[in-house]
Each structure stands twice: as C-alpha cells, then as structure tokens.
Amino acid sequence: MQHEVKEVDEKWQLDGIVDVLWAAMDGIEPSHSIFFPTFGTGPQDRERAIAESKNRLWKGHEMDPSSHWIYVVEGERIVGGCQWRIYMDNPFPDPRARVNATFWPEGTGRDFASEVASQCHGQRKAWMGRPHAGISLMCVLPEKQRQGIGGKLMKWGLEKMDERDIEGFVEASVRGRLLYRNFGFLDVAYVRVNMDHDDLQRTEAWRNLERTRLPIEYTAMWRPRQGKQLTPAEAKQIWQERLKMSVRAHVEELM
C-alpha cells in the first residue's frame, strides 16, 4: 500500500504519532521509561501516561518554532512519525543548561530523570552550537518496520537540511543507527549515561532507579552539509575541537 508523508498542523495528528511511539518503544527502548514514564502497573496508569505525553508534546511543539512533526500514513492510518528540529542559528547559548524533568513528580524520581535527560541532551548542546537539523524522536509501528517508512521520514528532513545548507545531528539508538548511516550520517561518539559524579546524592531510591532504568546509551551521529563525503581524517579534523568540550556523560570517540 502507498505511503504518504505529511506534516502535523493539528493536535490529533500528533496524538496519532504518540500512539505509534508507545506501540514501538514502550518496554523496548530503555530511554522511553525516562521520558515517558508510567506511574503504576494498571492499564489506566498507562492510558494516563499516554494522555500526559500527548499533551506535553503538543504544548512543546506549539511553543517551539524549530519543531516539525512529520508522519506517514497508509490509507488513513498513521504508521510512523518523527520530530525534526531545524535551527538556523545557535540554539544553545548556554550549553550547560540542565533539563528539568517536570513530567516526573517532585523528589528522587524527578532528580534522577533530570540528570538522565540532561546527559542525553548534553552532547548536542556542547557540540552543535551552530545551525543544524536534528531528530528528536522517530517511531514506526512494529508491524510496519522495514517497509521504507523511516526512509521517507529521513528524506523529508534531508531535503530541508540541504535547502538550508546546514549540518545534521542525531542521537541514534542501536536499532536506528543503520538507518541514519544509510542517509549519510557518520558515527561521532558512543555515549552512555554516567552516574559516577560526586555531586549526585545516590540514595537507595536513586540506586534502585539506576538498576531498573539504566543503561541508557546511544551513538552521536553527524551529517556534513549537503551530505558531503569526507575521509576519516577530514571528519576527525572537524570534530577534534568539539569533542574536547566537557560533558557529564561517558563518551568514547568513534572518529
């Protein structure tokens, strides 16, 4: 069946993407339980969490001029979606600014989630203080994966990047890494959330969250302007200064 790419302009469309997100990521992608937590074990708790995430993402989209939610339909059914953020100047004037995970209740859980979120976003803030386009989320229904849907979502963003002559950046999961490579993204660094910091109060409740919510790891990936083909030496030269910037996460250079 034919697939068509569209851009979100009404909340119901983003709600449909969020339904795909939960179907594709819940219980599968470790970071999902941090950024889209469920408090409780009953079906009503999960429905409440889904509703909260729909409202939160829509509110964030409305407030963020860089946000572009894209989705793919098969007939009238939404089968995949992603959020592209397109920045035409430095979006991170304070790269050390922390994320406050207000979608968690106050207390240890929120402090833990804030630390994880800050580390997950810290590398982009430290390394990409320049015009660029980045993917924040991508999801495809499990039964529709490997049918070219992710590729259609990628092509939309790459066209926007090349029209604007800007770089690309993504924090790639193990499952997403090959897709991004196929569209010209290069491995920059392996990143893993690191809780070995003296300023963290690692109470028993905190350590229990570490045991149940970690590890969280990804590959930082970068696409040169216009998808230019670079030798390993050329890419390393571009990134050697950026990678010297201090971040809280554990980073292993891959270039």
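The values are calculated or read from the model by the stated rules, or taken from the named source; none is laboratory data. This structure is a prediction, so every number in the text was calculated from the model and none was measured. Reconstructed Cβ throughout: ideal geometry from the backbone, glycine too, with neighbour counts over all protein chains shown.
Would you point out which residue out of I28, I17 is touching a residue at least 60 places away in the same chain (Cβ under 8 Å) and aliphatic (A, V, I, L, M)?
Selected residue: I17, the only one of I28, I17 that is touching a residue at least 60 places away in the same chain (Cβ under 8 Å) and aliphatic (A, V, I, L, M).
Of these, V99, V20, V73, which one is surrounded by 12 or more Cβ atoms within 10 Å (Cβ to Cβ), at pLDDT 95 or above and in contact with a Ser or Thr (Cβ under 6 Å, 6 or more places away or on another chain)?
V99
Quick check on this structure: which one of D187, D162 is under 16 Å from the mean Cα position of the chain (by Cα), within 18 Å of R223 (Cβ to Cβ) and acidic (D, E)?
Of the residues listed, the single one that is under 16 Å from the mean Cα position of the chain (by Cα), within 18 Å of R223 (Cβ to Cβ) and acidic (D, E) is D187.
Taking the conditions exactly as written (in contact (Cβ under 8 Å) with a residue 60 or more places away in the chain and among the aliphatic types (A, V, I, L, M)), does V99 satisfy them or not? Steps first, please.
Working: in contact (Cβ under 8 Å) with a residue 60 or more places away in the chain: no; among the aliphatic types (A, V, I, L, M): yes.
For V99, the condition - in contact (Cβ under 8 Å) with a residue 60 or more places away in the chain and among the aliphatic types (A, V, I, L, M) - is not met.
Restricting attention to region 241-248, does a residue exist that is at pLDDT 95 or above, surrounded by 13 or more Cβ atoms within 10 Å (Cβ to Cβ), of a type in the set (D, E, K, R) and out of contact with any helix residue (DSSP H, G or I) (no Cβ under 7 Å at 6 or more places or on another chain)?
Checked against the condition, which is being at pLDDT 95 or above, surrounded by 13 or more Cβ atoms within 10 Å (Cβ to Cβ), of a type in the set (D, E, K, R) and out of contact with any helix residue (DSSP H, G or I) (no Cβ under 7 Å at 6 or more places or on another chain), region 241-248 yields no hits at all.
I'm checking my understanding of the structure. Among residues of region 212-233 that are part of a strand (DSSP E or B) and not polar (S, T, N, Q), which one is farthest from D165 (Cα to Cα)?
E217
Determine whether R146 is farther than 17 Å from V193 by Cβ and in a strand (DSSP E or B).
no
Just give me the residues in region 161-211 being polar (S, T, N, Q), part of a loop (DSSP other than H, G, I, E, B) and under 30 Å from A133 (Cα atoms), in sequence order. Write out each step before concluding.
Step one: of region 161-211, the residues polar (S, T, N, Q) are 173, 182, 194, 201, 203, 208.
Subset that is part of a loop (DSSP other than H, G, I, E, B): 173, 194, 201, 203.
Residues satisfying the conditions are S173, N194.
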